[in-house]
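So the structure is just underneath, and the comments pick up after that.
The values are calculated or read from the model by the stated rules, or taken from the named source; none is laboratory data. As the structure is a computational prediction, the values presented were derived from the model and not from experiment. Here Cβ is always computed from backbone atoms with ideal geometry, including for glycine, and neighbour counts include all displayed protein chains. The accessibility values were calculated without ligands, DNA or RNA, using every heavy atom of the protein model including side chains. Shrake-Rupley method; radii C 1.70, N 1.55, O 1.52, S 1.80 Å.
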Amino acid sequence: MGAQSGLGRPGAGLDDGPHACRFAPALPPEGAQSDLGRPGAGLEMKILILGAGRVGESVAESLVSEQNDITVIDTDPVRLAGLQDRLDLRGVVGNGIQPSVLRDAGADDADMLIACAPLDETNLVACKVAHDVFHIQTRIARVRSPEFTDGSALMGKEGFAVDEVICPEESLTTYIRKLIEYPEALQVLEFSQGRVSLIAVRAVEGGALVHHVISDLPLLAPGLPMRIVAIYRRDAMGLDQQITCDGSTRIEIGDEIFVLAANEHIRQVLEALHRRDEPVRRVIIAGGGRVGLRLARHIAGRYKVKIIESNAARCEYLTTQLPGDTLVLQGDSTDEELLDEEHVKNADLFLALTSDDEDNIMSCLLAKRMGARRVLALINRRAYADLVQGQGTQIDIAVSPAQTVIGELLAHVRRGDVAAVYSLRRGDAEALEAVVRGDRKSSRVVGRRIEELPLPAGVQIGAIVREAPGAGAKTGKQVIIPHHDTVIESGDHVVVFVPRKRMLKQIEKMFQVSATFF
C-alpha cells in the first residue's frame, strides 16, 4: 500500500591519558605563508571537472585551494565566467563527452576527470571517452541512478570505465541518518568500515565533563577511551575559534568539541559532553525531492514520518513510493498554519530538504519557534551556511550537499594511501584515515612513537585501527586511542585531524612510502 496522501488537507597532552588533546602551541594567523602552501610551490595534479553546477563549483573551490591545476568544462559560458572571476582556474565551454572539447581542456596530460554534470549518461560517457581516448588515470562520476554502482561490470574497464561512483543524495542521506540515530551530535563520521567515528558535539549544561578540565576526564568517565582532537569556542565577535587544548583546558558550555572514539562508545561520549536527549520518534521532512524521498525510504517504519511537498504531481508520486504509514502533505513548509495543524511542536526533528536555501532557512526558523525540538536545514550557499551557524541562530545544523561528497573525491587526490577523507567546518579543516605502509627504512612513521613525529601545530592523531595479534582480518581489528609513546606499525589505519588545509601536504608526505627515504 502506498503512503497516505495529504492532498487537500489544510495545510594535556597525550601524557594526560587517552582523553586529552596533545598540547598544541597557538596556530599562526590564517593568512600566514608557509612552505607547504606558498604560491609557486608547484601544482599537485591536473584535474578536469565536467559540470559547473553546485557540486562542480564546490569541488573546484576545494581543489583550487590546494594548488591543483583545475579546468572546468560546462556548456554555460556565463557560469564559467563567474567561476573564473572568483577562482584561479580555467574554463572551457562545450560538451564534455566530445573528444575535441576534452582535448581543448587538456585531457591529453590530465591526471583525473571528475564528471559531475546533471545527467548520469553525460558523466558515464565522459569517463568512457577519458579512458579509451585519453587514458586519464583516475575517472570519477556523479551518478544518481542506483542501477550503476561501484564494482558492477558496467563500471569496469570494458564498460563505462568509472573508478569511483559518487552520489551526493546517497551521501547526504547517510549523513542525516546518523544525526537521527544520535540527535545530540552535530556530526558523526565513520572511519575504518565503521569501527571508529569522529563525533562533533556541542557541550551543554548537564554534561558530565562540562566545566571540568581535560585531565579530569579519566576520573569522570572511567573506562571510556576517547580522544578530544579539537575544541572550537565562540569569541566576543560571535566567531568560532580553535583553542589550544591540553590537560588544563576547561570544557565550557557552547564549545564545539571533536572527539574520536570506537563506535561502540559513541553513545557514552555524547552523554558525557551533552547529556542524553530523548530519542527521535517523529520526523517532519520539508521537501519531497530526491533527498527527501531517499531519506524517507530509509527511515520509514522506524520513525513516524510526514513529508511536506508543494508540487501536487510529486505528492502523488511520493504516495506510490513510500509505505502506508508515511503521510504526504501538499503545502508550503513556510506556512505557519499548516505547521501548526500538523503539530510541528511535537516533532523531534524537522528537516528542511528543498532545493531553495531561503525556504529551508525560513521553515527551520519557523518550526523551531513553534516548538520543534531540533531543526536541520539543507543549505547550498556557503555564505548562508556560515551566517546560519556562525551568528547564533536557532537552526541547530546546516548541511551543505556538496561538502558531504567532497571527502569522497579528496581521498583520490590525497598523496599516499588514504582510505577515507572528511571535509570539516565548511572546508577549513579535514579528517583523514591514512594506511601505513612500508618499514622503518622506507616510511617516516613506521616504528616511531607519536611524540617523534613532526606533526604541525594543532594536528592530532586521534585513533589507530590495528590488526589484533593472532586474529583474522575480518574479526581481529582493534581500536587504539594512542598515547604519546604509542608506536605506529605497518598496516595501521591512522585517523588524523588536520585543523587547516595548508598543513595537509606535510601530513601526506609523512605517510608516503619512499625507497629513498634515507
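Amide H to amide H, with H built 1.01 Å from N, I73 comes under 5 Å of I49, L50, G51, V92, counting only residues 5 or more places away or on other chains. Note down the relative contact order for the stretch 51-208 as a percent, whole number, built from C-alpha pairs under 8 angstrom at least six residues apart. Rounded, it is 13 percent for the stretch 51-208.
Specify whether the C-alpha gyration tensor of the chain places it in the rounded, prolate or oblate class, a ≥ b ≥ c being the square roots of the eigenvalues: rounded for a/c under 1.5, otherwise prolate if a/b is larger than b/c and oblate if not.
Judged from the Cα gyration tensor, the chain comes out oblate (a/c at least 1.5, b/c at or above a/b).
The phi-based Karplus calculation (6.51 cos²θ - 1.76 cosθ + 1.60; θ = phi - 60°) puts the 3J(HN,Hα) values of the stretch 476-481 at x, 7, 10, 9, 10, 8 Hz, whole numbers, x for Gly and Pro.
Give me the percent of accessible area attributable to carbon and sulfur for the stretch 107-236, probe 1.4 angstrom. Kindly include the intermediate steps, with their values, before the conclusion.
Values: 2690 of 5050 Å².
So the carbon and sulfur contribution to the accessible surface is 53 percent.
Values of log10 I(q)/I(0) for the stretch 113-242 across q = 0.09, 0.11 Å⁻¹ run -0.48, -0.63, by the Debye formula with one identical scatterer at each alpha carbon and no solvent. Scanning residues 5 or more positions from V328 or on other chains, those with amide H under 5 Å from its amide H are Q4, S5, G6, I307, with H placed 1.01 Å from N in the peptide plane.
Taking only protein heavy atoms into account and a 1.4 Å probe, give the accessible area per residue of the stretch 109-188 in Å². Could the numbers behind the result be given before it?
Working: 3160 Å² over 80 residues.
Counting only protein heavy atoms, the per-residue value for the stretch 109-188 is 40 Å².
Classify the stretch 184-249 from the C-alpha gyration tensor, please: rounded if a/c falls under 1.5, else prolate or oblate depending on whether a/b exceeds b/c. It is oblate, given that a/c is not under 1.5 and a/b is not larger than b/c.
Looking at the stretch 172-231, the GluC sites (Glu not before Pro) that sit in a DSSP loop and have at most 15 other Cβ atoms within 10 Å of their own Cβ are E205.
Rg over Rh for the stretch 336-447 works out to 1.20, both radii taken from alpha-carbon positions and Rh defined as the Kirkwood radius.
The alpha-carbon of K128 sits under 21 angstrom from the alpha-carbons of these lysines, leaving out residues fewer than 8 places away in its chain: K46, K157.
May I ask you to derive the relative contact order of the stretch 54-124, considering only C-alpha pairs under 8 Å and at least 6 residues apart, and to give it as an integer percent?
Details: 70 pairs, mean separation 18.5, N = 71.
Relative contact order for the stretch 54-124 comes out at 26 percent.
Ignoring ligands, DNA and RNA, please state the percent of accessible area on the stretch 328-405 from carbon and sulfur, probe 1.4 Å.
Working: 1470 of 3160 Å².
Accessible surface attributable to carbon and sulfur in the stretch 328-405 totals 46 percent.
Close amide H partners of Q187, meaning residues 5 or more places away or on another chain with modelled amide H under 5 Å apart, are A200. 3J(HN,Hα) along the stretch 433-440, derived from phi through the Karplus expression 6.51 cos²θ - 1.76 cosθ + 1.60 where θ = phi - 60°, amounts to 10, 9, 9, 7, 10, x, 10, 4 Hz, with x in place of Gly and Pro. Straight-line cross-link reach from K345 at under 13 Å between alpha-carbon atoms covers these aspartates and glutamates, not counting any fewer than eight positions away in the same chain: E336, E337.
Which percentage, to the nearest 5, of the DSSP beta bridges contained in the stretch 107-243 is antiparallel?
Details: 10 of 17 bridges.
In the stretch 107-243, approximately 60 percent of DSSP beta bridges are antiparallel ones.
Per 5 Å bin, what is the whole-percent P(r) computed from every C-alpha pair distance within the stretch 228-326? Percent of Cα pairs in each bin: 2, 10, 16, 13, 9, 10, 13, 11, 10, 4, 2, 0. Considering only L365, G301, G331, and ranking their Cα positions along the charge dipole of the chain that arises from unit charges at the beta-carbon of Lys, Arg, Asp and Glu, the one farthest toward the positive end is G301. Taking all protein chains into account, the per residue accessible area for the stretch 314-417 stands at 40 Å² (1.4 Å probe). Total lysine pairs in the stretch 418-518 at Cα distances under 29 Å, for residues eight or more apart or on different chains: 8. Here the 3J(HN,Hα) profile of the stretch 263-278, calculated from phi with Karplus coefficients 6.51, -1.76 and 1.60 at θ = phi - 60°, is 4, 5, 9, 4, 4, 5, 5, 4, 5, 5, 9, 10, 6, 7, 8, 5 Hz, Gly and Pro shown as x. Peptides 310-316, 157-163, 406-412 ranked from most to least packed give 406-412, 157-163, 310-316, packing being the mean of other C-beta atoms within 10 angstrom over each peptide's residues. When the square roots of the Cα gyration tensor eigenvalues are ordered a ≥ b ≥ c, the ratio a/c for the stretch 153-306 is 1.5 or more and a/b exceeds b/c, which makes its shape prolate.
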